[in-house]
Amino acid sequence: MLLALDRGTGEPLANQLYESLRTRILTGKLRASTRLPSTRVFAKELGVSRNTVVNAFERLASEGYIEGRVGAGTRVARTSPEAMTRTAAVRKRRAAGPGRRGPSERGTSIAGIRTRTWSGPIGDVRPFRLGVGALSEFPMKIWSRLSRRWSLGGVPAMDYDEVAGYRPLREAIAAYLRSARGVTCDASHIIVVNGSQQALDLTSRVLLDPGDAVWFEDPGYDGARGAFAAAGARLVPVPVDDDGFNVAAAIARDASARLAYVTPSHQFPLGVTMTLSRRRELLKWASESGGWVLEDDYDSEFRYTQRPLPAMQGLDADDCVIYSGSFSKVLFPAVRLGYLAVPPSVLDTFLRVRFLTDVHPSTIPQATLADFIGEGHFERHLRRMRLLYRERQDALVRSAGQHLAGLLTVPPSDGGMHLVGSLPAGVDDREVSRAARAHGIAATPLSFFAESRHCSGLLLGYAGLTPAQIEKGTQQLAAVLEPLVRRAARGRFT
Ligand SMILES: Cc1ncc(COP(=O)(O)O)c(C=O)c1O
């Protein structure tokens, strides 16, 4: 079997081996029931340690790509996990009998895509819930006063509006993006969407065909992974290092990608900023290969120590970048508003596809938001939240230093609404997260967002918590962590 593992990328060899085998299985190069060499022979052939092969095999087996029986060796599974979901759907429909209703094969397979689910009650501010800001600090009185204004618009305000969204809001967004993010756009490039999730879905449907390869940050945002998977794309995980998305590794893995999904200003979930040279490299790839870049600028507003780098879209001379942003973090998630800045070459297709999806977002919150921005409340709220979130981040770092020493290392970050804590060796982040949940603590495991298994840690949201809640949450988390860390230490020394 010709498998090239690259020691220069920094990507663990077990991950590379897992990925190449999985790709071969999915593309049919390794057929069902094909026998794989024993781990010992394979390790020798590849010039790697046996552990590397065992790790890759274990992961493939746990995901259902290969199966092994004592004495019979390891074989490619008779049915791939993807095919199993498909067949299950068909079987269910057939079992229901002719003429019985049931979801389609496509619906069943989309519904089966792995995403995060929020298990707490709506509105709950559980420490350290991810991705929600200080909702109680939002100037709701001003917002409700402005929202009444829409009703004074009479009959014209009640009619269908432009598919791209409410024009005064698009103008306000374009002006904001030009001055705050260096985005090259005017109102004609902006499409107002119902949150970033719709931007991801729309972009996938307009730009991707089933089977197209998509470069995906590893670890990366599950909402984006789900949208691409729903469009039938083939996800190519690309390692993120201290300089952000590793373009050379991406090209080495699959230069034929159709789209690269990146969060350059504040990588989700690790929080690194993609360097200028990496951004240039990615744009060079896109312009030479005819690929697209989807830049998700979901929380660039919250930068505490220095001004953020301008958006990558502003460097794009060939119209290869689709730029997306959200009001979920800067306002509140229930507003369900976000935006896309789309190059002219595909704008019309985006608008036609959008029309068939939901025609346009409700005009009522759009009009309120246009006035909220126009009257300066948006900028004011943003300035206040920046100061508040910075204080809260400091509070988390301080409390963690006091209560979590030896249990979880929580370094500060230049921005964002959560921090990434690293666990001592041998502590399983999913187990910690489960135990924490039982004590009323939401500590999201980093490994959930990873395609490769080397990522482990806890994501701790702080923006929605007062310093007192942070202090208490940290103490509770320490109580959860202590026995697990002690057990792991015992395991290391026996
Ligand atoms: C990377 C990323 N993009 C976008 C969003 C916002 O999504 P939406 O606008 O659909 O609420 C989030 C929220 O957590 C995110 O983490």
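Using only alpha carbons, build the gyration tensor for the stretch 126-265 and give me the equivalent ellipsoid semi-axes, biggest first, whole Å.
They are 35, 20, 16 Å, listed largest first.
Which lysines, if any, have their Cα less than 28 Å from the Cα of LYS29, not counting same-chain residues under 8 positions apart?
LYS44
Quick one: the Cα spread of the chain along its three principal axes, in angstroms, biggest first?
Principal extents (largest minus smallest coordinate, Cα): 78, 56, 53 Å.
Spin-label point model (7 Å from Cα, Cβ direction): what's the LEU382 to HIS454 distance in nm?
Going by the 7 Å Cα→Cβ label model, 3.7 nm.
Relative to the Cα centre, what is the charge dipole magnitude of the chain, using +1 at the beta carbon of each Lys and Arg, -1 at the beta carbon of each Asp and Glu, and rounding to the nearest 20 debye?
The calculated dipole for the chain is roughly 1940 debye.
Taking Rh as the Kirkwood radius, which is the inverse of the mean 1/r over Cα pairs, what is the Rg/Rh value for the stretch 278-420?
For the stretch 278-420, the value is 1.05.
Can you give me the long-range amide H partners of ASN246? Hydrogens built in the peptide plane at 1.01 Å from N, cutoff under 5 Å, separation of 5 or more residues or another chain.
Correct list: ASP241.
Just grab the label-to-label distance for VAL359 and VAL54, each label 7 Å out from Cα along the Cβ direction, in nm (one decimal).
Going by the 7 Å Cα→Cβ label model, 6.2 nm.
Would you mind working out the magnitude of the charge dipole of the stretch 388-430 relative to its Cα centre, with +1 at each Lys and Arg C-beta and -1 at each Asp and Glu C-beta, to the nearest 20 Debye?
80
What ranking of SER277, SER413 comes out by heavy-atom accessible area, probe 1.4 Å, highest first?
SER277, SER413
Report, to the nearest 10°, how far helix 467-493 tilts away from the longest principal axis of the Cα atoms in the chain, using its own Cα long axis and a range of 0 to 90°.
10
If amide hydrogens are placed 1.01 Å from N in the peptide plane, which non-local residues have theirs closer than 5 Å to the one on VAL238?
Placed amide hydrogens put PHE216, GLU217, ASP218 under 5 Å from VAL238.
With only Lys, Arg, Asp and Glu charged, each at its Cβ (+1 for the first two, -1 for the last two), find how big the charge dipole of the stretch 385-463 is about the Cα centre; round to the nearest 20 debye.
That gives a dipole near 160 debye.
Output the direction-averaged projected area (hull surface divided by four) of the convex hull of the alpha-carbon atoms of the stretch 1-67, in nm².
Spelled out: convex hull of the Cα atoms, projected over all directions, averaged, 4.3 nm².
Pull up the cross-link candidates among the aspartates and glutamates for LYS141, meaning alpha carbon to alpha carbon under 20 Å and not fewer than 8 places away within one chain.
Result set, ordered by chain and number: ASP371, GLU375, GLU379.
Using a basic spin-label model with each label point 7 Å from the Cα along Cα→Cβ, how many nm lie between GLN306 and GLU482?
4.1
Just going by the charge dipole of the chain, with Lys and Arg at +1 and Asp and Glu at -1 on Cβ, which of GLY211, PHE448, LEU270 is farthest out on the positive end?
Positive-most Cα among the choices belongs to PHE448.
Before I look further, what does the chain give for accessible area per residue, probe 1.4 Å, in whole square angstrom?
Heavy-atom accessible area per residue stands at 47 Å².
From the helices alone, meaning DSSP H stretches of at least four residues, give me the mean residue ellipticity at 222 nm for the chain, per-run term -39500 (n - 2.57), in deg cm²/dmol to the nearest 500.
-14000 deg cm²/dmol
Please report the accessible area of TRP292 (heavy atoms, 1.4 Å probe, ligands and nucleic acids excluded) in Å², nearest 10.
30
If all Cα-Cα distances of the stretch 341-441 are sorted into 10 Å bins from 0 onward, what percent lands in each bin, rounded to whole numbers?
The calculated distribution, bin by bin, is 11, 22, 22, 21, 21, 3.
Give the dimensionless ratio obtained when the Cα radius of gyration of the stretch 206-350 is divided by 2.2 N^0.38 Å.
0.99
The values are calculated or read from the model by the stated rules, or taken from the named source; none is laboratory data. Keep in mind that this is a model prediction, so the values were computed, not measured. We place every Cβ from the backbone using ideal geometry, glycine too, and count neighbours over all the protein chains shown. Accessible surface areas use protein heavy atoms only, side chains included; no ligands, DNA or RNA. Shrake-Rupley method; radii C 1.70, N 1.55, O 1.52, S 1.80 Å.
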